[in-house]
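Working notes for the structure below.
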Amino acid sequence: MRRLFPVTDETAARTLDQGEWSLAELAAAYAYPTSGDGAPRTWLRANMVSTLDGAAQHDGRSQPISCAADMRVFGTLRALADVVLVGAETVRQEGYRPARARSEFAAAREAAGQGPAPAIAVVSGGLDLDFSLPLYTSPLVPTVVLTGTDAPADRVAAAERAGARVIVAGEGRRVDPVRAVAALAGLGYVRQLTEGGPRLLGQLVAAGVLDELCLTLSPMLTAGDAQRIAGGPGVSVPRRFALASLLEEDGFLFGRYRRP
């Protein structure tokens with residue numbers, strides 16, 4: 001892996017090595033920002049992958065357009081996060097399981113006051129979820145389910161029986177992104193990561209709550225009608241993000257874009 005931006009004397013020397021970056025180096029490259037006193041502040045970043053022609057998936061899943069380096073970044077971003085926010089459809093399609101504890105990050109997470117693994121927070125208005133799965137019944141950290149005021153009472157009860165923590169963060173069967181981010185921060189989950197899918201990411205973008213996008217650009221072409229990384233209604237004025245860093249390995253580009 002090599003750093004393309006920003007480049008200093010130090011990063012230029014490291015670039016010439018072009019070996020596989022250690023997990024500690026990746027963690028430093030993707031560290032969450034802090035407030036003036038060094039404490040973590042509420043920060044929502046997204047991690048997505050896209051092909052050259054804009055596809056976020058192939059045959060309904062992101063894995064076919066990913067690579068080993070992308071998975072290292074994926075694991076590092078999870079290891080840095082307090083919580084992983086994900087849409088119900090992505091949970092179903094990608095077969096989500098609880099986040100696992102990783103020994104390589106155990107000391108850093110303990111020093112940061114974090115639990116052994118990030119919590120998973122599932123966004124679902126109707127709670128059409130299989131609460132018998134390990135994601136709900138046996139996570140290291142209880143899974144959070146974000147829903148609306150009109151979520152079916154029997155499904156709320158099923159989620160709670162399975163061990164999930166149900167939080168109302170919207171009216172009707174809609175989850176309000178602003179309320180969802182605030183609710184998670186209220187639980188102490190300020191280092192937030194979303195892995196989509198496209199519908200959820202589109203809602204976060206439209207609500208103006210996304211602080212950072214970590215985008216892997218895959219050197220692949222798929223054609224077809226696969227979803228983009230963000231879907232749903234467009235914003236009235238395109239939102240400009242600034243490039244914070246750019247890494248490359250084996251033709252894959254790993255960009256970080258932050259809200260100015």
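The values are calculated or read from the model by the stated rules, or taken from the named source; none is laboratory data. Bear in mind that the values here come from a model prediction, so they are computed numbers and not experimental data. Cβ coordinates were reconstructed from backbone atoms using ideal geometry, including for glycine residues, and neighbour counts include every protein chain displayed. Ligands, DNA and RNA are excluded from the accessible area calculation, which covers all protein heavy atoms including side chains. Shrake-Rupley method; radii C 1.70, N 1.55, O 1.52, S 1.80 Å.
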Original post:
Do we have residue 54 as surrounded by fewer than 17 Cβ atoms within 10 Å (Cβ to Cβ) and touching a residue at least 40 places away in the same chain (Cβ under 8 Å) here?
Top reply: yes
Subject >> Residue ID - surrounded by the most Cβ atoms within 10 Å (Cβ to Cβ), chosen from residues in the range 231-244 that are among the small types (Gly, Ala, Ser) and modelled with pLDDT of 95 or more >> reply: 244
**OP:** Filter the range 61-94 down to the residues that are out of contact with any strand residue (DSSP E or B) (no Cβ under 8 Å at 6 or more places or on another chain) and either of a type in the set (A, V, I, L, M, F, W, C) or open to solvent by 50 Å² or more (accessible area, probe 1.4 Å) (or both), then identify the one that is modelled with the lowest pLDDT.
**Re:** 61
Subject >> Failed criterion for residue 100 (all others in (1) open to solvent by 70 Å² or more (accessible area, probe 1.4 Å); (2) at pLDDT 95 or above; (3) not hydrophobic (A, V, I, L, M, F, W, C) hold) >> reply: (2)
**OP:** Run residue 167 past the list (1) touching a residue at least 60 places away in the same chain (Cβ under 8 Å); (2) touching a Ser or Thr at 6+ places or on another chain (Cβ under 8 Å) and report the number of the one that doesn't hold.
**Re:** (1)
Original post:
Restricting the search to the range 209-226, which residues are on the phi > 0 side of the Ramachandran plot and under 16 Å from the mean Cα position of the chain (by Cα)?
Top reply: none
Original post:
Which of the residues that make up the range 28-47 are open to solvent by 20 Å² or more (accessible area, probe 1.4 Å) and among the aliphatic types (A, V, I, L, M)?
Top reply: 28, 31, 39
**OP:** With a cut-off of at least 3 residues that are open to solvent by less than 10 Å² (accessible area, probe 1.4 Å), under 27 Å from residue 69 (Cα atoms) and in contact with a strand residue (DSSP E or B) (Cβ under 7 Å, 6 or more places away or on another chain), name the strands (runs of 3 or more DSSP E) lying wholly within the range 125-220.
**Re:** 191-194, 212-218
Subject >> Selection from the range 198-218 of residues that are in contact with an Asp or Glu (Cβ under 8 Å, 6 or more places away or on another chain) and within 24 Å of residue 247 (Cβ to Cβ) >> reply: 216, 218
Original post:
Does residue 228 satisfy the criteria of being open to solvent by less than 60 Å² (accessible area, probe 1.4 Å), over 30 Å from residue 152 (Cβ atoms) and of a type outside the set (Gly, Ala, Ser)?
Top reply: no
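For the range 237-260, enumerate the residues that are of a type in the set (Asp, Glu) and not in a strand (DSSP E or B).
250, the sole residue that qualifies.
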